[in-house]
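The values are calculated or read from the model by the stated rules, or taken from the named source; none is laboratory data. Keep in mind that this is a model prediction, so the values were computed, not measured. FYI the Cβ positions are ideal-geometry reconstructions off the backbone, even for glycines, and counts take in every protein chain you see.
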Amino acid sequence: MPDTEPSDDLIALTQAPIDAPSIVRRLVRPPVGAVATFEGVVRDNLRGRRTRYLDYEAYAPMALRMLRRVAAEARAKHPDLDRLALIHRLGRLRVSETSVLVVATAPHRATAFEACRFGIDRIKTLVPIWKREYFEDGDVWVEGVRPMLDPP
Amino acid sequence: MPTVDHLSLNVLVFGQCRALVGADTASVRVTVPATAAAVVEAVCEQYPQLAPLRASLLVAVNEEYAPNDMPIQAGDTVAVFPPIAGG
């Protein structure tokens, strides 16, 4: 289980399966009226080619630093955000397993939805993680993106 | 003869770079003063299997993304890796 940050956010890289409901239960506290959850899960194909599993790896210390930055950016954008979970799985993942979880809680839904969307979009453009996708008949390193240093 | 100072770096490599190097670090020598771009050049020269990726490679210095002209000092933690693909 990830440790809680000084801000009460949950920021983690984990080799273990991500259990979204248990994370949500840990985050919600009385002033919260809205919880938005995003899970990225492993798809069964890449442009029609049948996927067997993916191997995820990270530059862990930098990835944690960038996850904390994403949380700080979300707070700067949404002062009424209550708590955030930004959790990325590493290692071997099979189809339909959760690779990334973003949870945003807030008094009202607009902030929860917007901060959740912001969180996943920023993870994909800032956090140094790579994945290799294995098929029945070979494998590829999934094509990545150049980092976007400033938040949109 | 003029002396040229060099910096020896154990560059952390990730993703396809790690797979192509076959190890978690790439040992390179760069002339001083060194920059992030010079580290990419040195890595691609000393590990030619990375050369096809050269134009896409990213550099981090002390766990921050580094622009091409970022100076590299002795003791810095330097990493080279391809574009990021989390999520």
Selection within the range B:41-82 - closer than 27 Å to A:Y56 by Cβ, more than 14 Å from every other protein chain (Cβ to nearest Cβ) and of a type in the set (V, I, T): B:V43
Filter result (closer than 20 Å to A:L126 by Cα and of a type in the set (G, A, S)) within the range B:8-36: B:G15, B:A36
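Yes or no, residue by residue, for (1) within 16 Å of the chain's Cα centre (by Cα); (2) over 25 Å from B:A55 (Cβ atoms):
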position: A:V95; (1), (2): no, yes
position: A:A106; (1), (2): no, yes
position: A:A110; (1), (2): no, yes
position: A:F113; (1), (2): yes, yes
position: A:G119; (1), (2): yes, yes
position: A:K124; (1), (2): yes, no
position: A:W130; (1), (2): yes, no
position: A:E136; (1), (2): no, yes
position: A:W141; (1), (2): no, no
Residues of the range A:95-152 classified as within 14 Å of another protein chain (Cβ to nearest Cβ), in a strand (DSSP E or B) and polar (S, T, N, Q), total: 2
Among residues of the range A:2-32, those that are modelled with pLDDT of 95 or more, part of a strand (DSSP E or B) and surrounded by fewer than 16 Cβ atoms within 10 Å (Cβ to Cβ), counted: 1
Residues located in the range A:33-55, provided they are in a loop (DSSP other than H, G, I, E, B) and not hydrophobic (A, V, I, L, M, F, W, C): A:G33, A:R43, A:D44, A:R47, A:G48
Residue, farthest from B:F81 (Cα to Cα), within the range B:1-31, restricted to residues that are β-branched (V, I, T) and surrounded by 14 or more Cβ atoms within 10 Å (Cβ to Cβ): B:V30
